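Below: one structure, written as structure tokens.
The values are calculated or read from the model by the stated rules, or taken from the named source; none is laboratory data. Here the structure is a predicted model, which means the values were calculated and not measured. Cβ placement follows ideal geometry from the backbone for every residue including glycine, while neighbour counts extend to all protein chains displayed. Ligands, DNA and RNA are stripped out before the accessible areas are found, and what is left, the full protein with its side chains, is counted by its heavy atoms. Shrake-Rupley method; radii C 1.70, N 1.55, O 1.52, S 1.80 Å.
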Amino acid sequence: MTNVNEKRYPNISEAVAFRIAFAPMAYTYGDVGWDEIDRYVCERCGLTEQYADFLAPKSTFKKEFAILDTYHYGVSANIRKELIEYFDVTEDDFRPCRNKTGDIVFYQITPCHTMLPLKSVNRTRALKPCKKCGSIQYREKEYKNENGYPYSYITQEVLDDLHDLNVTYEKYEMYLPYYVISRRVYDFLIERYPRMNFEPIFLSQK
């Protein structure tokens, strides 16, 4: 069975890692404000930090994977269990998503391992540091294939340091990183969930 990524990327077999790009979106309760989950670190530049678990009813999670409306990613308890059991992934790589009674209904992906910088191989530029807190955002001009889908590159040095579940060093729009999985995790997940969306990362030849 051809998965959704093979249809978009004819050369996906050459990818060495993958950015998570799940859909559909899972929404928090309508009466829960963003400030009940996140808070400002710096109001000048908009830098925030998450201080509470994502709050949502179980019914909002239509599949075993989702993008949260805070623009993080999440998976079911079953996927979390499989990743911890079969790969170099621990409980610390997740935080619970709860309903209003405190029950765990899903898990947010929160990788502990930060990748080495990618700026040298992707068309990425750093914006000026915030004058108040010094934090830096990055902007990336995406590479796109003949079908119009984005992809990126990685160096051998970064690949050698890659774990099974990772977060990029660079923070992009809204100070959010990309979340990256290893090739072996991708192969495991896509066999079981052929409609999981990922963006391939290829080895840079420069």
- prompt: Could we say that Pro117 is in contact (Cβ under 8 Å) with a residue 40 or more places away in the chain, open to solvent by less than 30 Å² (accessible area, probe 1.4 Å), within 30 Å of Glu157 (Cα to Cα) and assigned to a loop (DSSP other than H, G, I, E, B) here?
  reply: no
query: With respect to the numbered conditions (1) closer than 26 Å to Thr28 by Cβ; (2) open to solvent by 40 Å² or more (accessible area, probe 1.4 Å); (3) without any contact (Cβ under 8 Å) to a residue 24 or more places away in the chain, which one is the sole condition not fulfilled by Lys171?
result: (3)
statement: The number of residues in segment 130-163 that are part of a loop (DSSP other than H, G, I, E, B), modelled with pLDDT under 95 and within 15 Å of Arg19 (Cβ to Cβ) is 1
- prompt: List the pairs whose first member sits in segment 138-164 and is open to solvent by 60 Å² or more (accessible area, probe 1.4 Å), whose second member is hydrophobic (A, V, I, L, M, F, W, C), and whose Cβ atoms are under 6 Å apart, counting only residues at least 6 apart or on separate chains?
  reply: Tyr153/Val121; Tyr153/Phe202
message: What's the number of the only condition in (1) farther than 27 Å from Gly46 by Cβ; (2) open to solvent by less than 70 Å² (accessible area, probe 1.4 Å); (3) touching a residue at least 40 places away in the same chain (Cβ under 8 Å) that Arg184 fails to meet?
response: (2)
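Residue-by-condition table, conditions (1) closer than 30 Å to Glu157 by Cβ; (2) in contact (Cβ under 8 Å) with a residue 12 or more places away in the chain:
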| residue | (1), (2) |
| --- | --- |
| Ile20 | yes, yes |
| Gly33 | no, no |
| Glu43 | no, no |
| Ile67 | yes, yes |
| Tyr73 | yes, yes |
| Asn99 | no, yes |
